[in-house]
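Here the structure comes first, spelled out in C-alpha cells, and everything after it is commentary.
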Amino acid sequence: MRFSELAEVMEKLEEITGRIEMTNILVKLFLETPPEIIDKVIYLLQGKLAPEYKGIELGIAEKMLIRSLSLSSGVPAKRLEELYKKYGDMGDVAYKIISSRRAATLLAFMGKTEEELSVEEVYNTLMKVAKATGPDSQSVKIRLIAGLFNKASPLEAKYLARIILGALRLGVADMTILDALAIAFAKTKDARPIVERAYNLTSDLGEIARIIAEKGVSALKEVRIQVGRPVRPMLAERLPTPEEILRKLGGVCAAEYKYDGERIQAHKKGDHVVLFSRKLEEISGHYPDAIEIVRRHVLAKEAIVEAEGVAVDPDTGEMLPFQELMHRRRKYGVKEAMEKYPVTLFFFDVLYVDGVDMTLKPYPERRAMLEKIIRVGDRARLATQKIVKSVEELEEFFELAISEGCEGLVCKSLSGNAIYQAGVRGFLWIKFKRSYQSKMIEPIDVVIVGAFHGRGRRAGTYGGLLVAVYDKEADMFRTVCKVGSGFKDDDLAKLPKMLEPYRIPHKHPRVDSKMEADVWFVPHFVIEIIGDEITVSPIHTAAMGRIKPGAGLAIRFPRFTGKYREDKGPEDATTVEELVEMYKAQLKKIG
Ligand code: ATP
C-alpha cells in the first residue's frame, strides 16, 4: 500500500468537522487496506508504532528532525529553523521544503518517475528509528529519517514530520476505530460487543484489526487474557444515596474503601513484574517499590492483580492525596518520591491466576482468591471490606472510610453474575463519594476542548478553558462550561505549553460546542473541576434537550480543583449520563 494513500486520508481527516464522516472515511480506508498491514495503518493513524503499553516511542525532537530534513533537502538547518519559527509546525515546513525540491528535480529529470514510499517501508523504518541504540544512534536515526524524506512527496513529508514528532493531532479515538472495524468487517453493529470485548482483553487495536480483517469476527471470540498485556479496567457507576445503591445491588453488597491513589494493574510471571496505569501505559519505571511489593506478596507463579497505590507518610502512617503520586510521572522525581512517600498497595481484584481466567468468576470468588494469594504485610494490604445489608451500616462504613483518608466507598455486587467487566462502567460496582459543601455533590472530570485568550494579568496565557464531558453513546465531547478560576500562577504559566501539542485550527470533529473558542484542541487533557451547582443552559451542549428542550446542562461557578487527571484519557471523563444523574440527584436534594 502506498504511503501517499494514508497521507491523503490524514489530510481529509484533518479537514472534516463531523464524527460520522470520520467513521465513514475510516471504514473505506480499512476495506482498501491489505489485511496483513492493517495493524500498521491503525498505529500510524494514531501517531504510534505500537499499542501504548509496549512503550515504543520514537523520541525524536524538532532539532533532530530539522537535521534529517536538511540532510535530505540540502537546505541549511538554520534556514529550516527560521521557517519553523514562522510556521510553528514542522509538518508545514517539510511540505514547503519538499515542494521546492520536487520542482527542482522535476526540471532536472523530466519524465523520470520517482520511487514511491510504501506504508510498510515507512513503518519499518520508523521502528528502526525507535529501536536504534548505542553511541552513534543519533546519526543512524537522522540518516534513516532523511532516507524517508528523500522519497516523500510534499504531502507525505508533512505527515511523516508530524508522526515522527508525535504531533499528528488527528484525535482518532479507539472507540471510533472499533466502530469502523465492526462496520467494515462484520457489516453489522451487533458485532460491536465482540470486537470490544477482544479489545478490552488485549488493549491492542492493531492486533484486533488484523484478526477481524484476516479471519473474520468469529475469530475474535478466541482472544484470551494474557499476562503481560494490560486488561482495560472495570469501572464503577455512581449513585447519590446509600438507599439507591443498596436497592440496585439487591439489598446486600461488599462495601470497600475507595482509596484515593493511582490504580495499578500488576502482571507477574515468576520474578518478572510489569505495572500498568489506568490508561494502560506501562508505569513500572514509576514504581520500583510497588514492583518489589508484588514480587514478595503475590503468592502465585503467574497473576494479574489490581491495587490502588497510595502514598503514605512513613512518619505518621497517614494516607496522602492522589497528587502526591503524580510526582512519580516526572522523569527525575521517582527516587525522591519513593524515599519521601513510599507507596502502599491496597489490592482489590484479581483477573488471572496460574492459568485460570478469573474475569468470568463472580466477585466473591475473586475476593476469596485474592485473600489466598496476597501475603498481607505493612505495605501490601487488602482493600478494607465489609458485607453490608442496611442503609445504616453503609452510612457508618462510609464515615469510617472518610475518616481514614479515603474518598468514599466502592460498593460491589455479590451476585452470581458479578464478573469482572473489562473496559465497562457498569452497576456491578457503584461508587459513593464524599459530599462537598456545594449543592453539586462532587467534582467532575472534564476534557479541555478549547481556550480563550487572557487579558491583563492573564495576557500571554489563557483566561479560560472550554471544557466538555463525554457522550459515550455518540462518542462526542459536549461542553459544560468555561472555567477560569482555581488556576494558580504556576498552572497559568504552564497551560499554553502543555496544550500546544494538541492545538488545531478548528473545532475537532468529536467536539460539540455552540461557543466559539479562540483556540481549539484535540480532546486529550482531563482536569477535575467543581462548581456550585449544575444548571440548565442554552449555550452548553451536554445533555442537550434531555432536561429542557433547546437547553443543555452546565456547571455554575466552576473552578479547577488543582487535580490534573493525567491518569485518565478523554473517554474516561465524566459522561453526559452521569451529569444527568447528578442533576436529578441535586434536584431531589433541594426538593
Ligand atoms: P474516580 O475519578 O472516582 O477515581 P475512575 O473513573 O478513575 O473514578 P471508577 O471506576 O469510577 O474510576 O472508580 C473506581 C476507582 O477507584 C478505580 O479506578 C480505582 O482506581 C479506585 N479504587 C480505590 N479503591 C478501590 C476499590 N476498593 N475497588 C475498586 N476501585 C477502587
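Values in this text are rule-based calculations from the coordinates and carry no lab data. In this text the structure is predicted, and so the values were computed from the model without any measurement. Heads up, the Cβs are rebuilt from the backbone with ideal geometry, glycines too, and the neighbour counts pull from every protein chain shown.
Of the beta bridges in the chain, as assigned by DSSP with both residues counted there, near 85 percent are antiparallel. The HN-Hα couplings worked out from phi for the range 243-255 by the Karplus form 6.51 cos²θ - 1.76 cosθ + 1.60 (θ = phi - 60°) are 4, 5, 5, 5, 4, 4, 9, x, x, 8, 7, 8, 8 Hz, whole numbers, x standing for Gly and Pro.
Let a ≥ b ≥ c be the square roots of the eigenvalues of the Cα gyration tensor of the range 496-538; is it rounded (a/c under 1.5), or, if not, prolate (a/b larger than b/c) or oblate? Oblate shape, in that a/c is at least 1.5 and b/c is the bigger or equal ratio. Among HIS327, HIS540, a tally of other beta-carbon atoms within 10 Å of each Cβ gives an order, fewest to most, of HIS327, HIS540. Taking amide hydrogens as placed 1.01 Å from N in the peptide plane, the amide H of GLY405 sits under 5 Å from that of no residue at least 5 positions away in sequence or on another chain. Cross-link partners among lysines for LYS187, C-alpha distance below 22 Å, same-chain residues fewer than 8 apart left out? Straight-line reach from LYS187, under 22 Å: LYS28, LYS215, LYS221, LYS472.
Measuring spread by the Cα atoms of the range 1-133 yields a radius of gyration and Dmax of 16.8, 47 Å. Qualifying trypsin sites (Lys or Arg not before Pro) in the range 324-360, where qualification requires a DSSP coil assignment and no more than 13 other C-beta atoms within 10 Å, comprise ARG330, LYS331. Here the range 525-591 yields Rg over Rh of 0.99, to two decimals, using C-alpha coordinates and the Kirkwood radius.
In terms of other Cβ atoms within 10 Å, MET90, MET515, MET10 run from fewest to most in the order MET515, MET90, MET10.
What does the helix-only formula give at 222 nm for the chain: each DSSP H stretch with n ≥ 4 adding -39500 (n - 2.57), the total divided by the residues, and the result rounded to the nearest 500 deg cm²/dmol?
For the chain, the value works out to -12000 deg cm²/dmol.
The calculated pair-distance distribution of the range 235-436 uses every alpha carbon pair, bins of 10 angstrom beginning at 0, and gives 9, 35, 37, 17, 2 percent.
Electrostatic bookkeeping for VAL467 treats Lys and Arg as +1 and Asp and Glu as -1; over the other residues with beta carbon under 11 Å from its beta carbon, the sum is 0.
Other residues lying with their Cβ under 9 Å from the Cβ of VAL298 contribute a combined charge of +4, Lys and Arg counting +1, Asp and Glu -1.
Exposure proxy ranking for VAL273, VAL353, VAL376, based on other Cβ atoms within 10 angstrom of each Cβ and starting from the fewest, stands as VAL376, VAL273, VAL353. For ARG238, nonlocal amide neighbours, meaning residues 5 or more places apart or on other chains whose placed amide H falls under 5 Å from its own, are LYS431. On the principal axes of its alpha carbon atoms, the chain extends 86, 57, 53 Å, with the longest extent given first. Across the range 375-386, rounded Karplus estimates of 3J(HN,Hα) from the backbone phi angles (6.51 cos²θ - 1.76 cosθ + 1.60, θ = phi - 60°) give 8, 5, x, 4, 10, 10, 10, 9, 4, 4, 9, 9 Hz, Gly and Pro being marked x.
Listed values for the range 206-212 are Karplus-derived 3J(HN,Hα) couplings in whole Hz (6.51 cos²θ - 1.76 cosθ + 1.60, θ = phi - 60°), namely x, 5, 4, 4, 5, 4, 5, and x replaces Gly and Pro. Each Lys or Arg adds one and each Asp or Glu takes one away; over the other residues whose Cβ falls under 10 Å from the Cβ of GLY55, this sums to -3.
Computed on the Cα trace of the range 444-585, the radius of gyration divided by the Kirkwood hydrodynamic radius gives Rg/Rh = 0.94.
Counting lysine pairs in the range 30-185 that sit 8 or more residues apart in sequence, or on different chains, and whose Cα atoms lie under 17 Å apart gives 27. Taking each residue as 0.36 nm, the span from GLU395 to LEU382 lengthens on full extension beyond its C-alpha to C-alpha distance by 2.6 nm.
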